[in-house]
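To start, the structure itself, in structure tokens.
The values are calculated or read from the model by the stated rules, or taken from the named source; none is laboratory data. Quantities reported herein were computed from a predicted structural model and do not represent experimental measurements. Here Cβ is always computed from backbone atoms with ideal geometry, including for glycine, and neighbour counts include all displayed protein chains.
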Amino acid sequence: MSTYTRPGSLDDALVLLADDGAAPFGGGTDLAGQADRAIRTPTVLVDLRDSGLGAIEEADGGLRVGATVTLAEVAASPLVASYVAVALAASLAASPLLRNAGTVGGNLCQHTRCWYYRGEEWHCWLGGGETCYAQIGDHRRHNLEPGDCISAHPSDLAPALAACAATVLVRSRGGERELPLLELYRGPTEENRSLLTLAQGEVVAAVRANCDTFVTMPGLSSFHFWTEQPPLTGFNVTAWMILLDDPTQQVIADRLAAHSSACVVYHERQLRDWVGPNRIDDRPLVQYIRGAFHPVRTIGDYQLLVRNDR
């Protein structure tokens, strides 16, 4: 049985989170399911909603979003509106109920939605077992990258924020560090099966995005591309956030990020290693997407959607 506490400051919360068994709590939309299915058994739930992490503000010429800001608040904020991909991703995540409760920190750090990992009857490799059951069973809505675990990365916000060159501010009792958002994620290994680079006691306190010139300059569009089966799960299977230069309709190489094609979020330059030999930035967007995702469309009843927002 877990105990619950709601500290009045981040410093007090970090002291509690330094103890083994303590878990940060925001909206609880992911943690509640993990605890219910005994994926995690925290001894102390540390609610961060009174810890001063609930603001969206302009800072240092960019945008700073606190970890306990809800997805609905991100989608509706006028400060986020110019970051088209971020606002769109937040507005399309899961369902209205989950967007009103789920937080930015929770969305970035949530566990995979793979049913073998979530199911009580399975003890999969990622959860400490010996077998990735998706590789020998139903692998629809899983990723395209081979490995010990083929679960799909679940965050809706991560590819959008990565496309906006975001960084995350990580806090712990011992101090703070700031790192590129993509360095928050890692591939699981035999020794460490976590998909996050956070240590015990560390939490994502805020996200910074600082590329408004890319998002608001004339002629630049933000595309959201995804394949999904919302009637079954309500969660995106594959999502891309792409910033395009309209006159050439070419992908801006360092501003493309994808998730759910693998366990982690990738930049375009990393995707080349396993998507194919063709140079992404030399091909029109639609031609590239059709080529890259042809394998996805052959392994399930997927719906292909492309959004263009100016």
Task: Candidates GLU145, GLU121, GLU191, filtered to the one that is farther than 26 Å from ASP20 by Cβ, of a type in the set (D, E, K, R), part of a loop (DSSP other than H, G, I, E, B) and out of contact with any Cys (no Cβ under 9 Å at 6 or more places or on another chain) - done: GLU121
TODO: Name the strands (runs of 3 or more DSSP E) wholly inside the stretch 1-108 in which the number of residues that are of a type outside the set (Asp, Glu) is 3 or more.
DONE: 3-5, 22-25, 44-47, 62-66
Open item on the list: When the residues of the stretch 151-193 are narrowed to those that are closer than 22 Å to LEU88 by Cβ and of a type in the set (Ser, Thr, Tyr), which ends up surrounded by the fewest Cβ atoms within 10 Å (Cβ to Cβ)?
Closed with: THR167
TODO: Only residues that are under 18 Å from VAL203 (Cα atoms) and free of Cβ contacts under 8 Å to residues at least 40 places away in the same chain: list them for the stretch 26-39, please.
DONE: ALA32
Task: Pairs with Cβ under 9 Å, 6+ apart, first in the stretch 139-163 and in contact (Cβ under 8 Å) with a residue 60 or more places away in the chain and closer than 14 Å to ARG113 by Cβ, second of a type in the set (D, E, K, R) and not in a loop (DSSP other than H, G, I, E, B) - done: ARG141/GLU228
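Say whether the condition of being assigned by TED's automatic domain parsing to the domain that holds THR167, more than 30 Å from GLY127 (Cα to Cα) and β-branched (Val, Ile, Thr) is met by at least one residue in the stretch 87-106.
Initially, the stretch 87-106 is screened for residues assigned by TED's automatic domain parsing to the domain that holds THR167, giving 87-106.
This time we only want the ones that are more than 30 Å from GLY127 (Cα to Cα), so: 87-88, 91.
Among the residues that remain, those that are also β-branched (Val, Ile, Thr) are: none.
Within the stretch 87-106 (the criterion being assigned by TED's automatic domain parsing to the domain that holds THR167, more than 30 Å from GLY127 (Cα to Cα) and β-branched (Val, Ile, Thr)), the answer is no, since none of the residues qualifies.
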- [ ] Could you grab me the full set of residues in the stretch 75-84 that are without any contact (Cβ under 8 Å) to a residue 12 or more places away in the chain and of a type in the set (A, V, I, L, M, F, W, C)?
- [x] ALA76, ALA81
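Mind checking which residues of the stretch 175-188 are part of a strand (DSSP E or B) and either of a type in the set (Gly, Ala, Ser) or over 18 Å from the mean Cα position of the chain (by Cα) (or both)?
GLY175, GLU176, ARG177
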Open item on the list: If the requirement is being in contact (Cβ under 8 Å) with a residue 60 or more places away in the chain and either of a type in the set (D, E, K, R) or buried (at least 18 other Cβ atoms within 10 Å of the Cβ) (or both), which of these qualifies: ALA94, ALA87, ALA72, ALA18?
Closed with: ALA94
- [ ] State yes or no: is ASN143 of a type in the set (S, T, N, Q) and modelled with pLDDT of 95 or more?
- [x] no
- [ ] Please go through the stretch 153-174 and pick out each residue that is of a type outside the set (S, T, N, Q) and assigned to a loop (DSSP other than H, G, I, E, B).
- [x] HIS153, PRO154, ASP156, CYS164, ALA165, ALA166, ARG173, GLY174
